[in-house]
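A.B. asks: Below is one structure. I have some questions about it.
The values are calculated or read from the model by the stated rules, or taken from the named source; none is laboratory data. No experiment lies behind these values; they were computed from the predicted model shown. Here Cβ is always computed from backbone atoms with ideal geometry, including for glycine, and neighbour counts include all displayed protein chains.
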Amino acid sequence: MTRRIFSTILITAVVAVLLASFLMAGTVYAAYEERITGELRSKADHIVQALNHLTDDEAYLADLVSSERITLINQDGVVIFDNILDEGSLSDHSDRPEVMEAIQTGAGESRRYSDSLAQMTHYIARRTQDGSILRISYTRSSIFGVFADLVPQLICMLLAVTGLSLLIARISAKMIVAPVNNLNLKAPLENDVYDELTPLLTRMDRQYTQIRQHMHDLEQAQSEINAIMEGMQEGMILLDKNNQLLTANESAAVLFDPGATPEIGAPLSALCHDDAILAIVRDAQHGKSGDALLRKDGKTHRCFASPVMHRKKIGGVVLLIMDISAQYAAEESRREFSANVSHELKTPLTAISGFAEIIRDGIARPEDIPSFAGKIHAESKRLLTLVNDILDLSRLDEKQSLGQMEEVQLLPLLHRLYESFRPIAADKGVSLTIRGTEQCIMGYPMLLEELFHNLIDNAVKYTPAGGSVTVTLAKDADHVLCTVEDTGIGIPKEHIPHIYERFYRVDKSHSRQTGGTGLGLAIVKHTAEAHGAQLTLQSTVGKGTRISVRF
């Protein structure tokens, strides 16, 4: 801006100086010429008066000291005196305009180029009493000559004007720019500046308002996105086209590196070191979506990488990490369950088929047929029990066909089970006791009966002769506590974490002898979960087991 202001001021000043110089030169030239002309006229009149009283005109004229050219011409036009040139070399002057005018009127003037002096000359002529013509002339410069004489002064003046213009330009620029530099851009209309800037400030205020609204909308949208991302249990990472981090939520950061804070612009490899994930991200950068499994800290995650398209070009990659540990474990459990079911069903079916085939083919001796029939019946009952247990577990898994909860009186339920197991316990020489006070809970009657049936059944089965099984029902603060305690063989410590798994048996040979399916405690666990109850198991090998259900 300083340069532009300087240029403007300098051009204006130079033009003004030149115009002023020309005008001044013209004015001075006109005034000077008028003054000189007046002086010459007076001088000519004075000399003529003197010549009219003198007899020796030439002597008088020769004695005059004058810077002007003085010429005396007789009546015939012959130059008889000239104070500058030799009169003998001069031609006849009778045809000179000023001479001719003076002869006729007594006074004459003319301006013309003088061949004798080779300059522009102003002539003033006066007629004397004897008819002679006195002529005074002086040479004058043109107005351009006058202006040319002023050139040195003009150059000095222009130099001074240039320096002054530069100084003024700098000062003016600072003064002009200072209010602009101090503008409050957040509130343009509150600035006290030049009126000429008001339209600009109005537009700035309108644009700033729009920008501020856009920024507010963007910040709000970003806050919502951040809140959503941070609230996600799934991990999410956004990458640019160079695989550099744009953002990563806390779930993703904790999964890959719990102690690190992801830095924007850092490469993905600084956060994630899993080759499979890096591979699917590279594929996504080339437009191919993919997924991979990540197993870490006992959990299983599935990672999905998809390209982000922008104007038909890949602008980045979004990486979504989902914890599928429960689903994966359930899938593994289903696969294991299917394998176990196949095995468990195959065993009794093989026995039934074998004994039936022997009887059909007539190979069996008549006295063995009742024994074979008994074994077929026993295996059929075991198979039926297994199928029923599998169906019960399926219903509990799907939480279907459970019906509506209702009030269940637990003490009568336990007494019914007592009546069912008392003969079995008596045959084994095991003491079975039910004690406690009446307690009522909301539940599914059939499921609760199945739960306590399995607990009492296990206790009786795994308690040797002379042992005891005690079922206690009591109030525990705001809860109902039912405990089944036996003095049986107990459960080794290393087996306790797996005791509720399907088809899990501590002693498979003993379990087969007692007709167990390996699903009883799994049903107990799922039934307790369906009622929101808490299971507690305490066991010591050789001393017994205590299982508590807290409703």
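A.B. asks: Somewhere in region 17-26, is a residue outside any loop (DSSP other than H, G, I, E, B), surrounded by 16 or more Cβ atoms within 10 Å (Cβ to Cβ) and hydroxyl-bearing (Ser, Thr, Tyr)?
C.D. replies: Checked region 17-26: at least one residue is outside any loop (DSSP other than H, G, I, E, B), surrounded by 16 or more Cβ atoms within 10 Å (Cβ to Cβ) and hydroxyl-bearing (Ser, Thr, Tyr).
A.B. asks: Sticking with this structure for a sec: May I ask you to verify whether Leu238 is touching a Ser or Thr at 6+ places or on another chain (Cβ under 6 Å) and under 30 Å from Gly316 (Cα atoms)?
C.D. replies: yes
A.B. asks: State the number of residues belonging to region 41-62 that are assigned to a loop (DSSP other than H, G, I, E, B) and in contact with an Asp or Glu (Cβ under 7 Å, 6 or more places away or on another chain).
C.D. replies: Total satisfying the criteria: 0.
A.B. asks: Further question: What number of residues within region 537-551 are in a strand (DSSP E or B) and within 14 Å of Phe452 (Cα to Cα)?
C.D. replies: Residues that pass the stated criteria total 5.
A.B. asks: Here's something else I'd like to know. Inside region 462-478, can you point out the residues that are modelled with pLDDT of 90 or more and either within 20 Å of Phe551 (Cβ to Cβ) or out of contact with any Asp or Glu (no Cβ under 8 Å at 6 or more places or on another chain) (or both)?
C.D. replies: Of everything in region 462-478, those that are modelled with pLDDT of 90 or more and either within 20 Å of Phe551 (Cβ to Cβ) or out of contact with any Asp or Glu (no Cβ under 8 Å at 6 or more places or on another chain) (or both) turn out to be Pro464, Ala465, Gly466, Thr470, Val471, Thr472, Leu473, Ala474.
A.B. asks: Answer with yes or no whether Gly532 is modelled with pLDDT of 85 or more and loosely packed, with under 13 Cβ neighbours inside 10 Å.
C.D. replies: yes
A.B. asks: Continuing with the same structure: Is it true that some residue in region 179-191 is in a helix (DSSP H, G or I) and of a type in the set (Gly, Ala, Ser)?
C.D. replies: no
A.B. asks: Can you pull out the residues in region 58-92 that are loosely packed, with under 14 Cβ neighbours inside 10 Å and of a type in the set (Asp, Glu)?
C.D. replies: Glu58, Asp63, Asp76, Asp86, Asp92
A.B. asks: Being assigned to a helix (DSSP H, G or I) and either of a type in the set (D, E, K, R) or modelled with pLDDT under 90 (or both) is the filter; apply it to region 425-447 and report the residue that is farthest from the chain's Cα centre (by Cα).
C.D. replies: Only one residue tops the list, namely Asp427.
A.B. asks: Cβ contacts < 7 Å: first residue surrounded by fewer than 11 Cβ atoms within 10 Å (Cβ to Cβ), restricted to region 190-214; second residue of a type outside the set (D, E, K, R) and outside any helix (DSSP H, G or I), any location; separation 6+ or different chain. Result?
C.D. replies: Listed pairs, sorted by first residue: Glu190/Asn184.
A.B. asks: In region 462-486, what residues are without any contact (Cβ under 8 Å) to a residue 60 or more places away in the chain, more than 60 Å from the chain's Cα centre (by Cα) and surrounded by fewer than 21 Cβ atoms within 10 Å (Cβ to Cβ)?
C.D. replies: The answer is Pro464, Ala465, Gly466, Ser468, Thr470, Thr472, Ala474, Lys475.
A.B. asks: Quick one: Phe81 ticks every box in (1) in contact with an Asp or Glu (Cβ under 8 Å, 6 or more places away or on another chain); (2) not in a strand (DSSP E or B) except a single one, so which number is it?
C.D. replies: The single condition Phe81 does not satisfy is (2).
A.B. asks: Between a residue in region 440-459 that is in contact (Cβ under 8 Å) with a residue 60 or more places away in the chain and any residue that is of a type in the set (Phe, Trp, Tyr) and not in a helix (DSSP H, G or I), which pairs come within a Cβ distance under 7 Å, given they are 6 or more apart or on different chains?
C.D. replies: Ile441/Phe551
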